[in-house]
Amino acid sequence: MSDGEDVKPDTRLVQGGRRKAWTSGIVNPPVWRASTILFDDVEAMREAGIGRVGTLHYGRSGTPTQWALAEALTELEPGAAGTRLFPSGVAAISIALMAVLRPGDELLMVDSAYAPTRAFCDGVLARQGVTTRYYDPLIGANIADLIGDKTRAIFLESPGSLTFEVQDVPAICAVARERGVATLLDNTWATPLLFPAIAAGVDLTILSCTKYIVGHSDVMLGSVTANEGHWKALEQTSRAFGQHVSPDDAWLATRGLRTMGVRLRQHEASGLKVARWLAEQPQVARVLHPALPGCPGHDHWTRDFRGASGLFSFVLNGGDEAARARLIDGLQHFGIGYSWGGFESLALPVDPAKLRTATSHEQEGPMVRLHIGLEDVDDLIADLARGLAGYGTAA
Ligand SMILES: *Cc1c(COP(=O)(O)O)cnc(C)c1O
(Lines give C-alpha, C1' and ligand atoms only; values in the text may rest on other atoms or scores of the structure.)
Protein backbone atom coordinates (compact mmCIF):
# COMPACT_ATOMS: atom_id res chain seq x y z
CA MET A 1 0.00 0.00 0.00
CA SER A 2 1.25 3.44 -0.91
CA ASP A 3 0.40 6.51 1.13
CA GLY A 4 1.68 9.11 -1.32
CA GLU A 5 -0.66 12.10 -1.37
CA ASP A 6 -0.53 12.27 -5.16
CA VAL A 7 -1.72 8.73 -5.77
CA LYS A 8 -4.67 8.80 -8.19
CA PRO A 9 -8.01 7.01 -7.65
CA ASP A 10 -7.32 4.11 -10.05
CA THR A 11 -4.11 3.32 -8.17
CA ARG A 12 -5.95 3.48 -4.85
CA LEU A 13 -8.55 1.02 -6.20
CA VAL A 14 -5.78 -1.49 -6.90
CA GLN A 15 -3.76 -0.95 -3.72
CA GLY A 16 -6.32 -0.03 -1.05
CA GLY A 17 -6.58 -2.19 2.07
CA ARG A 18 -3.84 -4.62 0.99
CA ARG A 19 -1.80 -4.69 4.18
CA LYS A 20 0.86 -7.38 4.25
CA ALA A 21 0.57 -7.50 8.04
CA TRP A 22 -3.03 -8.66 7.65
CA THR A 23 -2.77 -11.13 4.77
CA SER A 24 0.94 -12.15 4.50
CA GLY A 25 1.07 -10.79 0.96
CA ILE A 26 -1.88 -12.65 -0.56
CA VAL A 27 -2.99 -10.27 -3.32
CA ASN A 28 -6.76 -10.39 -2.82
CA PRO A 29 -7.45 -10.66 0.94
CA PRO A 30 -8.98 -14.16 1.33
CA VAL A 31 -12.13 -15.14 3.20
CA TRP A 32 -11.43 -15.37 6.93
CA ARG A 33 -14.53 -16.82 8.60
CA ALA A 34 -14.76 -16.44 12.37
CA SER A 35 -16.98 -16.13 15.38
CA THR A 36 -14.70 -17.26 18.25
CA ILE A 37 -11.08 -16.21 18.24
CA LEU A 38 -8.82 -17.94 20.80
CA PHE A 39 -6.28 -16.03 22.89
CA ASP A 40 -3.08 -17.38 24.47
CA ASP A 41 -4.11 -16.26 27.94
CA VAL A 42 -6.46 -13.97 29.83
CA GLU A 43 -4.03 -11.08 29.61
CA ALA A 44 -3.88 -11.34 25.78
CA MET A 45 -7.68 -11.42 25.68
CA ARG A 46 -7.85 -8.24 27.77
CA GLU A 47 -5.30 -6.53 25.54
CA ALA A 48 -7.39 -7.22 22.45
CA GLY A 49 -9.82 -4.69 23.94
CA ILE A 50 -13.22 -4.16 22.38
CA GLY A 51 -12.17 -5.05 18.85
CA ARG A 52 -10.09 -2.50 17.04
CA VAL A 53 -9.34 -2.73 13.34
CA GLY A 54 -6.22 -4.86 12.95
CA THR A 55 -6.76 -6.83 16.18
CA LEU A 56 -8.72 -10.08 16.02
CA HIS A 57 -11.20 -10.05 18.89
CA TYR A 58 -14.57 -11.62 18.04
CA GLY A 59 -16.28 -12.32 14.71
CA ARG A 60 -18.56 -9.30 14.93
CA SER A 61 -15.52 -7.00 14.90
CA GLY A 62 -14.45 -8.49 11.59
CA THR A 63 -11.35 -10.14 10.21
CA PRO A 64 -8.81 -8.94 7.63
CA THR A 65 -11.43 -9.68 4.93
CA GLN A 66 -13.78 -6.93 6.13
CA TRP A 67 -11.00 -4.61 7.35
CA ALA A 68 -9.41 -4.58 3.89
CA LEU A 69 -12.64 -3.52 2.19
CA ALA A 70 -13.41 -0.82 4.76
CA GLU A 71 -9.89 0.57 4.53
CA ALA A 72 -9.94 0.54 0.70
CA LEU A 73 -13.21 2.53 0.74
CA THR A 74 -11.78 5.04 3.23
CA GLU A 75 -8.72 5.54 1.02
CA LEU A 76 -10.97 6.54 -1.88
CA GLU A 77 -12.32 9.53 0.12
CA PRO A 78 -9.71 12.23 0.79
CA GLY A 79 -10.37 13.65 4.27
CA ALA A 80 -12.20 10.56 5.58
CA ALA A 81 -11.55 9.11 9.06
CA GLY A 82 -13.04 5.65 8.56
CA THR A 83 -15.67 3.37 7.01
CA ARG A 84 -18.23 0.99 8.49
CA LEU A 85 -19.76 -1.82 6.45
CA PHE A 86 -23.43 -2.83 6.52
CA PRO A 87 -25.46 -5.79 5.21
CA SER A 88 -27.25 -3.56 2.66
CA GLY A 89 -27.42 0.01 1.45
CA VAL A 90 -30.66 0.53 3.36
CA ALA A 91 -28.99 -0.65 6.60
CA ALA A 92 -26.17 1.86 5.95
CA ILE A 93 -28.67 4.70 5.45
CA SER A 94 -30.73 3.90 8.54
CA ILE A 95 -27.75 3.46 10.89
CA ALA A 96 -26.09 6.65 9.59
CA LEU A 97 -29.30 8.54 10.39
CA MET A 98 -29.54 6.91 13.84
CA ALA A 99 -25.93 7.99 14.50
CA VAL A 100 -26.74 11.70 14.15
CA LEU A 101 -30.39 12.06 15.26
CA ARG A 102 -32.07 12.12 18.69
CA PRO A 103 -35.73 12.38 19.76
CA GLY A 104 -37.00 15.93 19.20
CA ASP A 105 -34.63 16.62 16.29
CA GLU A 106 -35.68 17.67 12.83
CA LEU A 107 -34.23 16.12 9.66
CA LEU A 108 -34.25 17.85 6.26
CA MET A 109 -34.65 15.14 3.60
CA VAL A 110 -34.34 15.65 -0.15
CA ASP A 111 -37.64 15.08 -1.97
CA SER A 112 -35.95 12.93 -4.65
CA ALA A 113 -34.65 10.40 -2.10
CA TYR A 114 -34.64 6.65 -2.69
CA ALA A 115 -38.11 5.41 -1.65
CA PRO A 116 -36.95 3.11 1.23
CA THR A 117 -35.03 6.09 2.70
CA ARG A 118 -38.31 8.02 2.85
CA ALA A 119 -40.04 5.00 4.38
CA PHE A 120 -37.42 4.82 7.17
CA CYS A 121 -37.92 8.52 7.98
CA ASP A 122 -41.72 8.41 7.87
CA GLY A 123 -41.84 5.16 9.87
CA VAL A 124 -39.00 4.44 12.30
CA LEU A 125 -37.71 8.00 12.73
CA ALA A 126 -41.22 9.40 13.21
CA ARG A 127 -41.82 6.82 15.99
CA GLN A 128 -38.52 7.90 17.61
CA GLY A 129 -39.77 11.49 17.74
CA VAL A 130 -37.72 12.77 14.82
CA THR A 131 -39.58 15.05 12.39
CA THR A 132 -38.69 14.84 8.69
CA ARG A 133 -39.22 17.85 6.40
CA TYR A 134 -38.77 17.23 2.68
CA TYR A 135 -37.05 19.84 0.52
CA ASP A 136 -36.66 20.64 -3.18
CA PRO A 137 -33.53 18.92 -4.57
CA LEU A 138 -32.62 22.17 -6.39
CA ILE A 139 -32.82 24.32 -3.23
CA GLY A 140 -29.04 24.96 -3.03
CA ALA A 141 -27.88 27.55 -0.49
CA ASN A 142 -31.51 28.53 0.21
CA ILE A 143 -31.60 25.49 2.48
CA ALA A 144 -30.54 28.10 5.08
CA ASP A 145 -34.18 29.28 5.20
CA LEU A 146 -35.36 25.81 6.31
CA ILE A 147 -32.83 25.37 9.12
CA GLY A 148 -34.39 25.94 12.53
CA ASP A 149 -33.39 25.42 16.16
CA LYS A 150 -34.24 21.72 16.02
CA THR A 151 -32.64 20.93 12.66
CA ARG A 152 -29.89 18.41 13.36
CA ALA A 153 -29.17 16.88 9.95
CA ILE A 154 -29.60 17.34 6.20
CA PHE A 155 -29.78 14.26 3.97
CA LEU A 156 -28.80 14.63 0.29
CA GLU A 157 -28.95 12.23 -2.62
CA SER A 158 -27.32 13.47 -5.80
CA PRO A 159 -28.33 12.78 -8.47
CA GLY A 160 -31.79 11.98 -7.10
CA SER A 161 -33.36 8.54 -7.45
CA LEU A 162 -35.41 8.09 -10.66
CA THR A 163 -35.34 11.79 -11.68
CA PHE A 164 -31.59 12.56 -11.42
CA GLU A 165 -31.65 16.16 -10.15
CA VAL A 166 -28.05 17.10 -9.34
CA GLN A 167 -27.86 18.95 -6.03
CA ASP A 168 -25.56 21.83 -5.13
CA VAL A 169 -23.80 19.66 -2.55
CA PRO A 170 -20.93 22.08 -1.69
CA ALA A 171 -23.34 25.00 -1.13
CA ILE A 172 -25.69 22.97 1.09
CA CYS A 173 -22.78 21.53 3.10
CA ALA A 174 -21.23 24.99 3.60
CA VAL A 175 -24.50 26.36 5.01
CA ALA A 176 -24.94 23.26 7.20
CA ARG A 177 -21.45 23.48 8.65
CA GLU A 178 -21.91 27.14 9.50
CA ARG A 179 -25.11 26.28 11.38
CA GLY A 180 -23.72 23.16 13.12
CA VAL A 181 -25.96 20.77 11.17
CA ALA A 182 -24.69 17.33 10.03
CA THR A 183 -24.81 16.38 6.34
CA LEU A 184 -25.33 12.88 4.94
CA LEU A 185 -25.13 12.01 1.24
CA ASP A 186 -26.33 8.93 -0.61
CA ASN A 187 -23.48 8.81 -3.17
CA THR A 188 -24.39 5.47 -4.74
CA TRP A 189 -24.73 6.81 -8.32
CA ALA A 190 -21.33 8.51 -8.49
CA THR A 191 -19.24 6.48 -6.02
CA PRO A 192 -16.17 8.28 -4.54
CA LEU A 193 -14.48 7.94 -7.95
CA LEU A 194 -16.81 10.37 -9.69
CA PHE A 195 -17.68 12.50 -6.64
CA PRO A 196 -15.34 12.50 -3.61
CA ALA A 197 -17.96 13.54 -1.09
CA ILE A 198 -15.99 14.16 2.12
CA ALA A 199 -13.72 16.60 0.24
CA ALA A 200 -16.88 18.40 -0.98
CA GLY A 201 -17.90 19.03 2.66
CA VAL A 202 -20.16 16.03 3.38
CA ASP A 203 -19.90 14.60 6.94
CA LEU A 204 -21.17 11.06 6.27
CA THR A 205 -21.17 9.56 2.78
CA ILE A 206 -23.23 6.44 2.10
CA LEU A 207 -22.97 3.81 -0.64
CA SER A 208 -25.14 0.93 -1.62
CA CYS A 209 -22.08 -1.22 -2.45
CA THR A 210 -24.62 -3.65 -3.95
CA LYS A 211 -24.38 -1.46 -7.09
CA TYR A 212 -21.01 -0.46 -8.60
CA ILE A 213 -18.63 -1.58 -5.79
CA VAL A 214 -19.72 -5.22 -6.03
CA GLY A 215 -20.55 -4.70 -9.72
CA HIS A 216 -21.68 -8.26 -10.47
CA SER A 217 -25.28 -8.40 -9.16
CA ASP A 218 -24.54 -11.12 -6.63
CA VAL A 219 -24.04 -9.44 -3.20
CA MET A 220 -26.00 -7.05 -0.96
CA LEU A 221 -23.75 -4.62 0.94
CA GLY A 222 -23.62 -1.03 2.19
CA SER A 223 -21.03 1.36 3.59
CA VAL A 224 -20.81 4.66 5.44
CA THR A 225 -17.60 6.71 5.39
CA ALA A 226 -17.29 9.56 7.90
CA ASN A 227 -15.05 12.52 8.47
CA GLU A 228 -13.21 12.93 11.79
CA GLY A 229 -16.03 14.84 13.48
CA HIS A 230 -18.64 12.11 12.88
CA TRP A 231 -16.55 8.94 12.89
CA LYS A 232 -16.94 8.11 16.59
CA ALA A 233 -20.73 8.42 16.57
CA LEU A 234 -20.94 6.26 13.43
CA GLU A 235 -18.66 3.60 14.87
CA GLN A 236 -20.44 3.44 18.22
CA THR A 237 -23.92 3.36 16.70
CA SER A 238 -23.14 0.63 14.19
CA ARG A 239 -21.50 -1.46 16.92
CA ALA A 240 -24.49 -0.94 19.22
CA PHE A 241 -26.84 -2.18 16.47
CA GLY A 242 -24.61 -5.24 15.91
CA GLN A 243 -24.00 -4.46 12.27
CA HIS A 244 -21.78 -7.04 10.56
CA VAL A 245 -21.19 -8.26 7.00
CA SER A 246 -20.20 -11.76 6.00
CA PRO A 247 -16.56 -12.25 4.99
CA ASP A 248 -17.70 -13.91 1.76
CA ASP A 249 -19.66 -10.80 0.79
CA ALA A 250 -16.80 -8.47 1.78
CA TRP A 251 -14.39 -10.60 -0.27
CA LEU A 252 -16.57 -10.35 -3.38
CA ALA A 253 -16.98 -6.60 -2.87
CA THR A 254 -13.20 -6.08 -2.58
CA ARG A 255 -12.73 -8.15 -5.73
CA GLY A 256 -15.30 -6.00 -7.53
CA LEU A 257 -13.76 -2.77 -6.26
CA ARG A 258 -10.42 -3.46 -7.98
CA THR A 259 -12.00 -3.14 -11.44
CA MET A 260 -14.54 -0.41 -10.68
CA GLY A 261 -12.54 2.30 -12.47
CA VAL A 262 -12.50 0.57 -15.86
CA ARG A 263 -16.08 -0.63 -15.46
CA LEU A 264 -17.34 2.86 -14.67
CA ARG A 265 -15.60 4.33 -17.71
CA GLN A 266 -17.40 1.83 -19.95
CA HIS A 267 -20.76 2.38 -18.19
CA GLU A 268 -20.26 6.12 -18.74
CA ALA A 269 -19.32 5.88 -22.43
CA SER A 270 -22.09 3.43 -23.34
CA GLY A 271 -24.65 5.21 -21.13
CA LEU A 272 -23.94 8.55 -22.79
CA LYS A 273 -24.16 7.06 -26.28
CA VAL A 274 -27.57 5.52 -25.50
CA ALA A 275 -28.80 8.71 -23.74
CA ARG A 276 -27.82 10.98 -26.63
CA TRP A 277 -29.39 8.61 -29.14
CA LEU A 278 -32.62 8.44 -27.12
CA ALA A 279 -32.78 12.24 -26.91
CA GLU A 280 -33.16 12.36 -30.71
CA GLN A 281 -36.00 9.86 -31.02
CA PRO A 282 -39.48 11.31 -31.67
CA GLN A 283 -41.06 8.84 -29.19
CA VAL A 284 -38.90 10.28 -26.39
CA ALA A 285 -39.92 13.57 -24.73
CA ARG A 286 -36.91 13.95 -22.40
CA VAL A 287 -33.81 12.17 -21.20
CA LEU A 288 -32.85 12.69 -17.55
CA HIS A 289 -29.09 12.07 -17.53
CA PRO A 290 -26.90 14.34 -15.36
CA ALA A 291 -24.39 14.82 -18.21
CA LEU A 292 -27.07 16.12 -20.63
CA PRO A 293 -28.05 19.82 -20.47
CA GLY A 294 -31.79 19.05 -20.07
CA CYS A 295 -31.23 17.40 -16.67
CA PRO A 296 -32.10 19.64 -13.68
CA GLY A 297 -28.87 20.61 -11.92
CA HIS A 298 -26.71 19.71 -14.95
CA ASP A 299 -24.44 22.72 -14.23
CA HIS A 300 -23.65 21.27 -10.79
CA TRP A 301 -22.72 17.99 -12.43
CA THR A 302 -20.35 19.79 -14.82
CA ARG A 303 -18.76 21.72 -11.96
CA ASP A 304 -18.48 18.95 -9.34
CA PHE A 305 -18.35 15.50 -10.96
CA ARG A 306 -15.47 13.67 -12.63
CA GLY A 307 -17.78 11.68 -14.87
CA ALA A 308 -21.09 9.86 -15.15
CA SER A 309 -22.14 6.30 -14.35
CA GLY A 310 -24.56 4.21 -16.36
CA LEU A 311 -27.97 4.90 -14.78
CA PHE A 312 -30.54 7.39 -16.14
CA SER A 313 -34.20 7.77 -17.07
CA PHE A 314 -36.21 8.85 -20.07
CA VAL A 315 -39.76 10.11 -20.46
CA LEU A 316 -41.86 8.80 -23.33
CA ASN A 317 -43.87 11.16 -25.51
CA GLY A 318 -47.39 10.17 -24.52
CA GLY A 319 -48.68 6.64 -24.27
CA ASP A 320 -49.86 4.79 -21.19
CA GLU A 321 -48.62 2.22 -18.68
CA ALA A 322 -49.65 -0.69 -20.89
CA ALA A 323 -47.67 0.70 -23.84
CA ARG A 324 -44.66 1.18 -21.58
CA ALA A 325 -44.96 -2.41 -20.32
CA ARG A 326 -45.06 -3.71 -23.93
CA LEU A 327 -41.96 -1.67 -24.77
CA ILE A 328 -39.99 -3.04 -21.79
CA ASP A 329 -41.26 -6.61 -22.17
CA GLY A 330 -40.14 -6.62 -25.82
CA LEU A 331 -36.51 -5.68 -25.14
CA GLN A 332 -34.07 -8.55 -25.74
CA HIS A 333 -30.94 -7.22 -24.03
CA PHE A 334 -32.40 -5.43 -20.99
CA GLY A 335 -33.37 -7.42 -17.93
CA ILE A 336 -36.46 -6.47 -15.90
CA GLY A 337 -35.54 -6.25 -12.22
CA TYR A 338 -34.55 -4.09 -9.28
CA SER A 339 -31.10 -2.80 -8.48
CA TRP A 340 -28.41 -1.72 -10.96
CA GLY A 341 -24.63 -1.26 -11.13
CA GLY A 342 -23.91 -4.80 -12.35
CA PHE A 343 -22.38 -5.77 -15.70
CA GLU A 344 -25.82 -6.29 -17.29
CA SER A 345 -28.34 -3.81 -18.66
CA LEU A 346 -31.72 -3.33 -16.98
CA ALA A 347 -34.96 -1.49 -17.80
CA LEU A 348 -37.48 -0.55 -15.11
CA PRO A 349 -40.86 1.25 -15.27
CA VAL A 350 -40.74 4.08 -12.70
CA ASP A 351 -43.36 6.55 -11.43
CA PRO A 352 -41.62 9.24 -9.39
CA ALA A 353 -44.60 11.63 -9.15
CA LYS A 354 -46.25 9.31 -6.60
CA LEU A 355 -43.27 9.63 -4.25
CA ARG A 356 -43.05 13.45 -4.01
CA THR A 357 -44.43 15.60 -1.20
CA ALA A 358 -42.42 18.87 -1.29
CA THR A 359 -42.30 19.27 -5.07
CA SER A 360 -44.38 18.03 -7.98
CA HIS A 361 -43.11 16.11 -10.95
CA GLU A 362 -44.78 16.63 -14.35
CA GLN A 363 -44.25 14.18 -17.18
CA GLU A 364 -45.26 14.08 -20.86
CA GLY A 365 -45.76 10.31 -20.63
CA PRO A 366 -44.57 7.24 -18.76
CA MET A 367 -40.97 7.04 -17.52
CA VAL A 368 -38.40 4.26 -17.93
CA ARG A 369 -35.15 3.94 -15.99
CA LEU A 370 -32.23 2.26 -17.75
CA HIS A 371 -29.02 0.83 -16.41
CA ILE A 372 -26.54 0.54 -19.27
CA GLY A 373 -24.33 -2.48 -18.74
CA LEU A 374 -21.19 -3.77 -20.45
CA GLU A 375 -22.84 -5.35 -23.53
CA ASP A 376 -21.94 -3.92 -26.95
CA VAL A 377 -23.66 -0.55 -26.97
CA ASP A 378 -24.81 -0.86 -30.59
CA ASP A 379 -26.73 -4.02 -29.70
CA LEU A 380 -28.45 -2.08 -26.92
CA ILE A 381 -29.36 0.82 -29.23
CA ALA A 382 -30.69 -1.56 -31.90
CA ASP A 383 -32.83 -3.22 -29.22
CA LEU A 384 -34.27 0.12 -28.05
CA ALA A 385 -34.81 1.20 -31.68
CA ARG A 386 -36.94 -1.91 -32.32
CA GLY A 387 -38.92 -1.23 -29.15
CA LEU A 388 -39.52 2.45 -29.87
CA ALA A 389 -40.51 1.76 -33.51
CA GLY A 390 -43.52 -0.13 -32.20
CA TYR A 391 -44.24 2.19 -29.25
CA GLY A 392 -47.82 3.21 -28.84
CA THR A 393 -49.17 0.75 -31.40
CA ALA A 394 -51.70 -1.68 -29.91
CA ALA A 395 -50.51 -5.16 -28.98
C1 LIG B 1 -30.23 0.52 -4.26
C2 LIG B 1 -30.10 1.83 -3.57
C3 LIG B 1 -30.03 1.90 -2.18
C4 LIG B 1 -30.24 0.71 -1.28
O5 LIG B 1 -29.24 -0.22 -1.38
P6 LIG B 1 -29.48 -1.78 -1.06
O7 LIG B 1 -28.10 -2.31 -1.07
O8 LIG B 1 -30.37 -2.30 -2.17
O9 LIG B 1 -30.13 -1.88 0.28
C10 LIG B 1 -29.83 3.14 -1.62
N11 LIG B 1 -29.73 4.25 -2.36
C12 LIG B 1 -29.80 4.22 -3.71
C13 LIG B 1 -29.66 5.47 -4.46
C14 LIG B 1 -29.99 3.00 -4.35
O15 LIG B 1 -30.11 2.97 -5.68
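The values are calculated or read from the model by the stated rules, or taken from the named source; none is laboratory data. The model shown is predicted, which means the values in this text are computed figures rather than measured ones. Neighbour counts run over all protein chains shown; Cβ positions are idealised from the backbone, glycine included. Only protein heavy atoms, including side chains, enter the accessible area calculation; ligands, DNA and RNA are left aside. Shrake-Rupley method; radii C 1.70, N 1.55, O 1.52, S 1.80 Å.
Working note: Karplus 6.51/-1.76/1.60 with θ = phi - 60° gives segment 324-338 the couplings 5, 4, 5, 4, 5, 4, x, 6, 8, 9, 10, x, 10, x, 6 Hz, where Gly and Pro are set to x.
Computed from phi, the 3J(HN,Hα) profile of segment 192-205 under the Karplus parametrisation 6.51, -1.76, 1.60 (θ = phi - 60°) reads x, 5, 9, 8, x, 6, 4, 5, 7, x, 6, 7, 10, 10 Hz, with x in place of Gly and Pro. In this structure the amide hydrogen of Thr132, modeled in the peptide plane, comes within under 5 Å of the amide hydrogens of Leu107, none closer than 5 places in sequence on its chain.
What ranking, highest mean first, results for peptides 210-222, 27-39 when packing means the other Cβ atoms within 10 Å averaged over each residue? Don't skip to the answer; put the middle values down first.
Numbers: 210-222: 21.7, 27-39: 12.9.
The peptides rank, most packed first, as 210-222, 27-39.
Given a 1.4 angstrom probe, what's the average accessible area per residue across segment 1-111, in square angstrom? Before the final figure, lay out the partial values.
Working: 5630 Å² over 111 residues.
Result: 51 Å² of accessible area for each residue.
Note that segment 175-183 has calculated 3J(HN,Hα) couplings of 4, 4, 5, 4, 9, x, 9, 6, 10 Hz, one per residue in order, obtained from phi through the Karplus relation 6.51 cos²θ - 1.76 cosθ + 1.60 (θ = phi - 60°); glycine and proline are x.
Each label was represented as a point 7 Å from its Cα along the Cα-to-Cβ direction; for Ile381 and Asp218 these points are 3.2 nm apart.
Amide hydrogen proximity for Gly319: with H placed 1.01 Å from N in the peptide plane, no residue at 5 or more positions away or on another chain lies under 5 Å.
Beta bridges per DSSP, both residues in the chain: antiparallel share near 55 percent. Ratio of Rg to Rh for segment 1-113: 1.04 [Cα atoms; Kirkwood radius as inverse mean 1/r over pairs]. At the listed q of 0.13, 0.22 Å⁻¹, the Debye profile of segment 277-395, built from one uniform point per Cα, gives log10 I(q)/I(0) equal to -0.52, -1.44.
Report the percentage of all Cα-Cα pairs in the chain whose separation exceeds 31 Å, rounded to a whole percent.
Details: 30192 of 77815 pairs.
Percentage above 31 Å: 39.
Segment 38-70 and segment 168-214 have Cα centres lying 30 Å from one another.
First compute the accessible area of the chain with a 1.4 Å probe, then give the percent of it belonging to carbon and sulfur atoms.
52 percent
Segment 221-271 and segment 318-340 have Cα centres lying 30 Å from one another.
Both radii come from the Cα set of segment 120-250: Rg as radius of gyration, Rh as Kirkwood radius; their ratio Rg/Rh reads 0.96.
What accessible area per residue comes out for segment 260-389, rounded to a whole number of Å², with a 1.4 Å probe? Walk me through the numbers on the way to the answer.
Details: 5670 Å² over 130 residues.
Here the per-residue accessible area is 44 Å².
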